[in-house]
Structure formats: C-alpha cells, structure tokens
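*Asks:* My questions all concern the structure below.
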Amino acid sequence: MSDNKRSTFEQELSDVQALVNTPRAEVQKQSKNQQKNLVRARTNATTETSTDDLLEALPIDLDFVEPHDHLEWKAEGVQPDSMTKLRSGRYPIQDKLDLHNVRVTSAFRRLLQFIANSLEKRLRTVIVVHGIGLRSTPPAQLKSHVAHWLRHHPKVNAYVSAPSHQGGSGATLVHLKKSRAAKDETKERIARRLGT
C-alpha cells in the first residue's frame with residue numbers, strides 16, 4: 001500500500017475505538033425433561049389455530065364432488081414419490097377419524113381437532129372416513145366438505161382417496177406436514193451425527 005493510501009486509511013480509522021470485552025451470559029444446560037417440555041410447547045404453539053379462524057379463512061366456493069369421485073390434492077413442493085406412496089397406501093395409517101353419520105357442522109370441528117391431536121402426537125399419515133354420501137342431499141355432501149377443508153388446512157401436505165382395501169372413495173388418506181418441533185429434532189439429530 002502506498003504511503004498516501006496508508007495515511008488516508010489511518011485518517012478514516014482515527015476515531016475508531018476498540019470494543020469493550022463484555023462478559024458472556026452463562027447458560028445452564030437443560031435437562032431432558034425441560035427439553036421435552038419445550039418441544040411440546042413449541043408443537044402446541046404451531047398447532048393451536050382456532051376453529052373459527054380456520055372457518056373464516058376458508059374460501060366460500062365449495063366444489064361438490066360425486067359419490068364415487070376419486071379425491072386427490074397435494075401442496076406445492078410435495079414430491080411425486082410421496083404421492084405415489086400415499087396413493088398406493090404404502091404409508092402406514094397412524095390414526096383414523098370416522099365421520100359416518102356426523103353432521104357437516106360437527107364434522108368440521110371434529111376434523112380440526114383430529115388434525116391438531118395428530119400433529120401433537122407427531123403423526124404423519126391418517127385416514128378420514130366420510131362415506132360416499134349416496135343418500136345425502138346433495139349427494140357426497142360430507143365428502144365434498146372434507147376435501148374442501150383438507151385442501152385449505154395449513155398443516156395438510158396432501159390427500160388422496162384411499163385404496164379399495166382401506167375404504168376406497170368413502171375414505172381419504174391424509175398426509176400431514178411435519179411439525180416444527182419434529183423438524184428441529186431431526187436437524188439436531190443430524191447435527192449430532194455429523195459432529196457439528
């Protein structure tokens with residue numbers, strides 16, 4: 001560096017003061033119970049959305065389906081392989097909600113509670129039995145509503161009509177998003193494995 005540039009540089013830095021070394025806060029390690037409670041609290045915070053909030057956020061335009069129609073939807077970013085596995089019933093069903101003979105208004109609340117409970121238990125694949133609705137007016141009323149609610153639920157990754165051995169078009173397999181707490185635990189497990 002030339003003398004002229006060095007003097008200009010030193011002039012620019014003339015009023016710079018050194019940082020004062022402040023002591024760091026001491027952080028105590030958490031016990032396994034404390035860590036589990038924190039993970040549980042995080043999970044609850046991410047799954048607690050009021051029924052009324054979700055109901056208000058739903059679009060009004062409900063597309064009615066026919067009783068034997070095949071249902072299928074996936075959120076943006078869901079891998080084709082995941083859909084193939086879901087479609088063929090290769091994901092183990094971890095819980096079941098039976099909405100047979102349940103009124104639409106009650107079914108909505110039950111479905112939301114079921115999803116919240118499933119997320120709290122860290123379940124990923126569940127089945128909702130709604131029937132085909134041949135005798136309802138209009139036909140497939142509950143099936144249409146369930147498809148609509150699932151499509152607009154923020155924690156649903158994908159859904160598809162169940163294979164025939166799991167209920168066929170009278171049931172829907174639902175793939176739920178991984179909870180934030182589960183994602184954090186996976187990251188921590190990978191970091192420990194890699195030694196970082």
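*Asks:* In the set Thr172, Thr186, which member is assigned to a helix (DSSP H, G or I) and either closer than 22 Å to His70 by Cβ or of a type in the set (Ser, Thr, Tyr) (or both)?
*Replies:* Exactly one of Thr172, Thr186 is assigned to a helix (DSSP H, G or I) and either closer than 22 Å to His70 by Cβ or of a type in the set (Ser, Thr, Tyr) (or both), namely Thr186.
*Asks:* To continue, here is another question. For the list (1) surrounded by fewer than 17 Cβ atoms within 10 Å (Cβ to Cβ); (2) touching a residue at least 60 places away in the same chain (Cβ under 8 Å); (3) of a type in the set (A, V, I, L, M, F, W, C), I need the number of the one condition that Leu150 fails.
*Replies:* (1)
*Asks:* Before we move on, is Leu111 touching a Phe, Trp or Tyr at 6+ places or on another chain (Cβ under 9 Å), surrounded by 18 or more Cβ atoms within 10 Å (Cβ to Cβ), among the aliphatic types (A, V, I, L, M) and modelled with pLDDT of 95 or more?
*Replies:* Yes: the conditions hold for Leu111.
*Asks:* Within segment 105-143, track down each residue that is touching a Gly at 6+ places or on another chain (Cβ under 8 Å) and of a type in the set (S, T, N, Q).
*Replies:* Across segment 105-143, the qualifying residue is only Gln141.
*Asks:* Under 8 Å between Cβ atoms, which residue pairs at least 6 apart in sequence (or on different chains) link something in segment 167-183 that is more than 15 Å from Ala116 (Cβ to Cβ) with a partner that is among the small types (Gly, Ala, Ser) and in a strand (DSSP E or B)?
*Replies:* Gly168/Ser161; Ser169/Ser161; Ala171/Ser161; Thr172/Ser161; Leu173/Ser161; His175/Ala158
*Asks:* So, one more: Any chance segment 80-99 includes a residue that's surrounded by fewer than 15 Cβ atoms within 10 Å (Cβ to Cβ), farther than 20 Å from Gly167 by Cβ and under 14 Å from the mean Cα position of the chain (by Cα)?
*Replies:* no
*Asks:* Only residues that are of a type in the set (A, V, I, L, M), surrounded by 19 or more Cβ atoms within 10 Å (Cβ to Cβ) and farther than 15 Å from Leu111 by Cα: list them for segment 159-194, please.
*Replies:* First pass over segment 159-194, keeping only residues of a type in the set (A, V, I, L, M): 160, 162, 171, 173-174, 176, 181-182, 190-191, 194.
After this cut, where a residue has to be surrounded by 19 or more Cβ atoms within 10 Å (Cβ to Cβ) as well, the list is 160, 162, 171, 173-174, 176, 181.
Across segment 159-194, the qualifying residues are Val160, Ala162, Ala181.
The values are calculated or read from the model by the stated rules, or taken from the named source; none is laboratory data. Quick caveat: nothing in here was measured; it's all calculated off a predicted structure. Cβ coordinates were reconstructed from backbone atoms using ideal geometry, including for glycine residues, and neighbour counts include every protein chain displayed.
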